Amino acid sequence: MSLQTLQKALYITDSPSTEEVVRAALWRCGAREIKNARTTAEGLDIIIKKGYKPHFVVEDLKNIDKIRFFPARFPDASHKFFPPPPCLAICHDADQEEIKLLKASLYSNFILKPLNESLLEERIRSSYIKSYSYAKGGMLIEAINSLISSHQLKEAYNLLVPVLAKKQNSMEYITLLSKILFELKEFAFAEKTVKHLLAKDKENFSAKNMLAKILIATGKHKEAEKLQL
């Protein structure tokens with residue numbers, strides 16, 4: 001599978017005018033299999049229940065108080081582990097405090113309405129091109145570990161998820177995700193991630209060790225002791 005462009009995408013909006021602009025931008029970024037949903041819940045169903053695996057998601061946020069709505073809801077939508085796709089937010093409000101909250105979220109990027117089609121395309125491309133380039137050059141894992149070490153956790157997350165969306169079975173990338181989620185204190189999603197790793201390999205010491213750290217961090221000391229590390 002080529003890492004040069006997007007191939008599969010999903011956008012979430014109930015606005016015909018927004019839909020037209022987003023679909024055109026995704027097409028120019030290389031997406032040839034594009035699905036749409038009118039609500040975030042419907043978008044989650046397309047991924048979780050219908051098994052669609054988008055390489056990129058664009059979410060039209062109707063209410064600014066739903067900051068991180070897609071990234072936050074995604075890991076809770078299924079009892080199974082699903083790699084999180086990168087997601088760009090479309091916003092309707094330029095209030096500085098709300099923009100500050102948005103910048104602190106796990107969205108790959110955001111853009112304000114009214115939409116500029118060229119700027120939207122640029123934002124989409126910038127959300128995945130570095131990840132793809134680092135993976136092609138064999139530098140992705142080293143770059144992400146460096147970001148984790150320097151506590152640039154959002155940067156590490158956003159560098160990882162575009163390639164992970166295309167290589168969903170990579171144990172190396174999933175292990176990196178578990179480290180990032182742990183450091184972000186996203187313990188529930190981190191636990192789901194390492195349990196997925198252990199389901200693939202019961203003797204995965206790195207996953208066992210991470211699970212123990214998660215259990216201790218969440219006060220489950222007896223469960224951690226049972227791992228007998």
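The values are calculated or read from the model by the stated rules, or taken from the named source; none is laboratory data. Everything quoted here is computed from the prediction, not taken from an experiment. Here Cβ is always computed from backbone atoms with ideal geometry, including for glycine, and neighbour counts include all displayed protein chains.
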**Request:** Collect the residues in region 82-108 that are touching a residue at least 24 places away in the same chain (Cβ under 8 Å) and either assigned to a strand (DSSP E or B) or polar (S, T, N, Q) (or both), keeping them in residue-number order.
**Result:** C87, L88, A89, I90, C91, S105, S108
**Request:** Just need a number here: residues in region 176-229 that are under 26 Å from P162 (Cβ atoms) and not in a helix (DSSP H, G or I).
**Result:** 5
**Asked** Does region 206-229 hold any residues that are over 21 Å from L184 (Cα atoms) and either small (G, A, S) or without any contact (Cβ under 8 Å) to a residue 12 or more places away in the chain (or both), and which are they?
**Response** K222, E223, E225, K226, Q228
**Message:** I need the full set of residues from region 114-128 which are touching a residue at least 60 places away in the same chain (Cβ under 8 Å) and charged (D, E, K, R), in order please.
**Reply:** E117, E121, R125
**Fill in**
In region 168-196, anything in contact with a Pro (Cβ under 9 Å, 6 or more places away or on another chain) and charged (D, E, K, R) is listed as E186, K192
**Message:** Exactly one condition in (1) at pLDDT 90 or above; (2) surrounded by fewer than 17 Cβ atoms within 10 Å (Cβ to Cβ); (3) not in a helix (DSSP H, G or I) is false for D45; which is it?
**Reply:** (3)
**Item:** Exclusive hit being buried (at least 22 other Cβ atoms within 10 Å of the Cβ), of a type outside the set (V, I, T) and more than 18 Å from F81 (Cβ to Cβ), set S131, S126, S150, S146
**Value:** S131
**Request:** Please state which of the following conditions L197 fails to meet, knowing it meets all the rest: (1) of a type outside the set (K, R); (2) farther than 25 Å from N109 by Cα; (3) surrounded by fewer than 20 Cβ atoms within 10 Å (Cβ to Cβ); (4) modelled with pLDDT of 95 or more.
**Result:** (3)
**Message:** Quick check on region 61-81: of everything there that is part of a loop (DSSP other than H, G, I, E, B) and more than 30 Å from A199 (Cβ to Cβ), which residue is modelled with the lowest pLDDT?
**Reply:** I67
**Odd one out for K136 among (1) exposed (fewer than 14 other Cβ atoms within 10 Å of the Cβ); (2) of a type in the set (K, R); (3) without any contact (Cβ under 8 Å) to a residue 40 or more places away in the chain** = (3)
